[in-house]
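In what follows, a single structure is set out as structure tokens and then discussed.
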Amino acid sequence: MIQGIGASSGIAIGKAFVLPNWEWDLPEQKIDVGDLAREFDRLYEGIRTSKVEIEQMKDELREAVGPEESYIFDAHLAILDDPVFMNEIQGIIQRQYKAAEVAVKEAIDHFVTMFDLLDDEYMKERALDIKDVGNRLLKHLLGAPEITLPSDTQPFILIAKELSPSQLAHLNPSHVLGIATLAGSTISHSSIMARALGVPLVVGIESKLEETIQTGDMLIIDGGLGIVHLHPEQPLIDLYTGKQIMQSEKKQQLKGIISFKPVTQDGKEMELSANISSLKELNVALNSGANGVGLFRTEFLYMDRSRLPREEEQVEVYRSVAEKLHPKPLIIRTLDIGGDKQLDYFELPEEDNPFLGYRAIRICLDKTDLFKTQLRAILRASHCGNVKIMYPLISSVDEVRAANKLLQACKDELRAEGVPFSEEIEVGIMIELPAAVVIADMLAEEVDFFSIGTNDLIQFTLAVDRMNEQISHLYEPFHPSVLRMIKLTVEAAKRKGVHVGVCGEMAGDLKALPIWLALDVDELSMSAHSILPVKERLLALRQQEARKLFDRLLTCSTSAEIHALLELKPSEEQKAEAYPDVYRSS
């Protein structure tokens, strides 16, 4: 068993196809002074051809995974226009009298080495983008064919040192059962695209490999657990085949409750919404019976491109989602960058602790032109659906009032321009800082709704970076202090008559569902694939029993005690009582 990092969930069983590394036969001799013009012409022609190919891939990918993921290739186009990268290549040609392809290779190696030395996962991923673009340019300069994947054989599991977005864009998901890469991370472009395509992916297996994987080797990939089994024995293959069948059967069974109201056996109805970042994810959410979108992560509109999205671009995306959802609600979170989310073209300051620094609403209130462009776009889209605005990382009443003042200015502008928008658009905030919990009663006076972002709330309450391997075991959603933080927030909202939802990972955690029922939370927003499993359990529970359980949870002094109490699951008889038609047919 090889333990890697699960980057896209699912199980794949099949034979490996190992993608060869790029290898180039480059000329060693230097060029003559008289050949400089010819080398520059070759370079510029290679750049033009590469741009045409990248634009074509972008158009093709837009059809497959939606416009947000296709913007990945805007970053690739930006590299070919980057003066620093191009000046490096031109300087090598002009000063060292080297052929264009040699100059490109040396420039790639220079920047990749420089970025790899940085202790920054984001910059390491940008090094892969430069390598991808540079290799495409080299291919044209050398007249070399692209490495092609098998297309007339059985589906395969792709193995690569690292996989570029360009290579992934050419994959046929019906041919590729799964992917494992020696390098990579869960935040890479390729990981984002694999999840959008629904392809199981395990990354970062290089240090765990004791023997080389060869084309034709039998593999099992578990993208959820981040496991690769090399040369599995038949009993293990049978076990995972059984898991695949069970997953398929369970998904089919859950489809039977899509049209059911999400209501407990004693009448407590809960809105089950989706967290999305693209139109493709919206389609999955609607097919899962989502009540609406409780969190639209707009930062993905800003990432992997060469410039800020214009107002019209944002309006188009927000309007498309609002119209498709109408009359269901769409909560659009304003720009949440900083921390682990950087923009290539938007230089953020280097900080010792960026998660506690210049990010989210703090950037928006500082860069008011950027913020107003987004607010205007959201307001314009509100004319086409049930749109709401949500501010992230709020820590004070002052921040809410400052954001609302800018929102009012945008309303005044649009009204003066004769542009329609919803005058009564609701405004809410994310509760993800302990400071916000403590003054939740004051914040509730300023807004229409709360949404508890459990991921950051847990992280900041416990002072634990969950991505830090040395202390990640201390990241505990069911810590007694976390439960009390949540309780304080919900009770403050309820006293003020403010709608309260949850949009962090705990919203889709089946074990946490009795907590939300006990506190009378109004909405849970989660990844689309969690909606039906959560609904299934909700239908079998009773709110009154959840309240009794929560009273017991509040007496627990350790996380272990809380976990033990929450392990209780509804019986099959309770499930059958909740939705007999589904269970009778199964």
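Each value in this text was obtained by applying a stated rule to the coordinates, not by laboratory testing. Everything numeric here is computed off the predicted structure, so don't read it as measured data. A quick note on method: Cβ atoms are made from the backbone with ideal geometry, for glycine too, and the neighbour counts reach across all protein chains shown.
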Residues T49, T298, T334, T555, sorted so that the one with the fewest Cβ neighbours within 10 Å comes first: T555, T49, T334, T298
Report the full-extension gain for the segment A416 to D82: residue separation times 0.36 nm, less the Cα-Cα distance, to one decimal in nm. 116.3 nm
When we measure straight from the Cα of K405, which lysines land under 21 angstrom away, once same-chain ones fewer than 8 places off are left out? K367, K372, K388
What is the gain in length, in nm to one decimal, between T368 and E347 on full extension, counting 0.36 nm per residue of separation less the C-alpha to C-alpha distance? 6.0 nm
How about the stretch 446-517: which GluC sites (Glu not before Pro) there are in a DSSP loop, with at most 12 other Cβ atoms within 10 Å of their Cβ? E469
In nanometres, what is the gap between the two model label sites at L474 and F40, each 7 Å from Cα along Cα-to-Cβ? 5.8 nm
Cα-projected label distance for V33 with V52, points at 7 Å along beta-carbon direction, nm: 3.5 nm
Reachable lysines, given that their alpha-carbon falls under 20 Å from the alpha-carbon of K58 and they are not under 8 places away in the same chain: K131, K139, K280
Label-point separation, K255 to D398 (7 Å along Cα→Cβ), nm: 5.5 nm
